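A short write-up of the structure that comes next.
Derivation of every value follows stated rules applied to the coordinates shown; laboratory data play no part. Note that the coordinates shown come from a computational prediction; the quantities given were computed from them, not determined experimentally. Because the Cβ atoms are built from the backbone with ideal geometry, glycine has one as well, and the counts that use them run over all protein chains shown.
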Amino acid sequence: MRPPRVLQFILGGSSLLVPVIAATHSYDARTLVEYGVGFVVLVAATAGAWWMDRRSPPSPGAARTGRAINVGLALGLLWVIEISINNFVAPPNPARDHIDNAFWALIAASILVFSTQAAYQAHRWRDGVNAGTWSGFTSGAVACCMALCLTVFGMTAILHDPINIAEWSARGPQTGAPSMASYFAAETFAGALLHLTVLGIVMGALLGALGGAVGKGIRVARRPSPAP
């Protein structure tokens, strides 16, 4: 399957999970709005990825986007590992925070290096931005899908996490949530959208812009000086 189609499949599958979560765990107007907004965001992202794929005929630019999506899929697997460690291994703090920071730093550094290389090879700053945005977007989409799958199929792990149990004991009565499952469904859903938007698209675009500037700068610095 072509990389853009894989991205569309991930986003489309994620959007289908949202009504399931809303039907199972929404408990007031706020959570219903949260799930509704998330559903719209995911449908829009799916449509955007489909539209970009449809309007991009086979070309060097489309090939570079495909490579960026493949890199994003690989980085998304790192997010999957990080989410799995947090929820199935459930290490205590501060070890969990150190693990989270290590995965975040590795993913961010990878996007920056990839964007720098893309801009250097293409001699263009915008190729770095494209590389960072698409790789970040895709990695965030994978992380988002993993979090939503965890909510639908792995709620037992969330409910048995000692850190989550302590949080619910301390904050549960003030949240208005009728159950621990409903509370953490909303929390995990918010984290899923955070990975897609902020840690995915926004971080990818910013690192792509930085990497593009660095890559273009290195290319310019290495350009041979004109003969006198």
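Between ALA109 and VAL43, the C-beta separation translates, for a Förster distance of 30 Å, into a calculated FRET efficiency of about 0.40. Remark: relative contact order (the stretch 3-221) = 31 percent; criterion is Cα-Cα distance under 8 angstrom and separation of 6 or more residues. To the nearest ten degrees, helix 3-25 and the longest principal axis of the Cα atoms of the chain are 20 degrees apart. For the chain, the longest principal axis of the C-alpha atoms and the axis of helix 203-221 are separated by about 20°. The spacing between the stretch 140-192 and the stretch 59-116, judged by their C-alpha centroids, is 21 Å.
Think of each Lys and Arg Cβ as +1 and each Asp and Glu Cβ as -1; about the Cα centre, that makes the dipole of the chain roughly 1320 debye.
For the chain, what is the mean residue ellipticity at 222 nm derived from helices alone (per DSSP H run of n ≥ 4: -39500 (n - 2.57); sum divided by total residues; nearest 500 deg cm²/dmol)? Mean residue ellipticity at 222 nm (helix-derived): -28000 deg cm²/dmol. First select every other residue whose beta carbon is under 15 angstrom from the beta carbon of ILE83; then total the charges, Lys and Arg +1, Asp and Glu -1. Charge balance in the 15 Å sphere: -4.
Between ASN101 and HIS123, the FRET efficiency estimated from the beta carbon spacing at R0 = 41 angstrom works out to 0.75. Between VAL220 and ALA157, the FRET efficiency from the beta-carbon distance, with R0 = 35 Å, is close to 0.10.
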